[in-house]
Amino acid sequence: MTREFDMVRSLAAGVEGRRSAWEFIGGFVANWSEPLGDDDGWGEADLVAAEERLGFRLPLALREAYLLFGRRRDLTSNHDVLLSPSELYVDEAKEALVFRHENQGASSWGILLDELVEEDPAVFIRADLADRAAERWESWLERLSLCFIEIVLSESLQADGALCDFLSDFDESGVDLLEQNCTRLPFPAYPMGEEENSIRWFLGHDVLLRDDDGMALLARGRTEAGLDGIRDLLPGGWLNDFR
């Protein structure tokens, strides 16, 4: 008999390090999507070609993520986009290696060039502004493996429309109900340094939830019943609720 996936316990272990992050992602995907397969990652030759083009070796955590699930767009690119090895590039200011774009080009995620030698470096985000001189790389998450957990969780919220929904009119009473009825997941608050205005993750009965600082709530049900349950708990203008 297969042991039931424990989201809270698995994530608590997953945030502790690089290898446990990949274990969490594997368990989450197997229970909430399609299990990882042998052909879900890029090949070693793809990564070597990217390194030769860029002129440096990619951080170990980035290589491992690409090798494990980098080709699974349903895990990495439903909304924002994980770049393929051939698309990786250094930004114009020569400050960071860019590996992910916001879906409308409003921001990018990258690794600072002077931290590429680290196995699991910090991740930074930069907004695409009209005034290029004002653009700055800001702290996002302290480790790349944490960022990939966040990517897989966030992209799962944008997957199958029948199991995903979005609530924009999410007020303080909704936040209270969320905190009282759902379990806060053990993922660090982010962006880093924004404890008072952070993104938080919750788990309800068969439903994964992301609270974007009370401004919006994104939900992904493992089942339709799980998604309907959170809609009933938090009534409002759910985008995809056509019941």
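When Ser84 is tested against the conditions (1) assigned by TED's automatic domain parsing to the domain that holds Asp120; (2) of a type in the set (Ser, Thr, Tyr); (3) modelled with pLDDT under 95, the lone failure is (3). Residues in the stretch 157-181 that are loosely packed, with under 14 Cβ neighbours inside 10 Å and within 19 Å of Asn240 (Cβ to Cβ): Asp160, Gly161, Ala162, Ser168, Asp169. Of all residues being surrounded by fewer than 19 Cβ atoms within 10 Å (Cβ to Cβ) and of a type in the set (Asp, Glu) in the stretch 182-216, which is modelled with the highest pLDDT? Just the residue, please. My answer is Asp206.
Of all residues in the stretch 17-50, those satisfying the criterion of being exposed (fewer than 15 other Cβ atoms within 10 Å of the Cβ) and among the acidic types (Asp, Glu) are Glu23, Glu34, Asp38, Asp39, Glu44. Here is a list: Ala30, Ala65, Ala106. Which entry is within 30 Å of Leu227 (Cβ to Cβ), of a type in the set (Gly, Ala, Ser) and in contact with a strand residue (DSSP E or B) (Cβ under 7 Å, 6 or more places away or on another chain)? Only one candidate passes the filter, namely Ala106. Each residue in the stretch 143-164 was checked for being charged (D, E, K, R) and within 16 Å of Trp201 (Cβ to Cβ), and 2 of them qualify. One residue alone among Ser154, Ser139 is within 30 Å of Glu224 (Cβ to Cβ) and either under 21 Å from the mean Cα position of the chain (by Cα) or basic (Lys, Arg) (or both), and that residue is Ser154.
In this structure, Asp120 qualifies as assigned to a loop (DSSP other than H, G, I, E, B), farther than 30 Å from Gly236 by Cα and within 20 Å of the chain's Cα centre (by Cα).
Among the listed residues Leu157, Leu60, Leu82, identify the single one that is out of contact with any Lys or Arg (no Cβ under 7 Å at 6 or more places or on another chain), hydrophobic (A, V, I, L, M, F, W, C) and in contact (Cβ under 8 Å) with a residue 24 or more places away in the chain.
The match here is Leu60.
Of the residues contained in the stretch 224-243, none is found to be within 24 Å of Glu142 (Cα to Cα) and not hydrophobic (A, V, I, L, M, F, W, C). Within the stretch 51-73, the residues that satisfy the criterion of being surrounded by fewer than 17 Cβ atoms within 10 Å (Cβ to Cβ) and either among the charged types (D, E, K, R) or not in a helix (DSSP H, G or I) (or both) are Glu51, Glu52, Arg53, Gly55, Phe56, Arg57, Arg73.
The values are calculated or read from the model by the stated rules, or taken from the named source; none is laboratory data. What you are looking at is a predicted structure, and each value in this text was computed from that prediction instead of being measured. Reconstructed Cβ throughout: ideal geometry from the backbone, glycine too, with neighbour counts over all protein chains shown.
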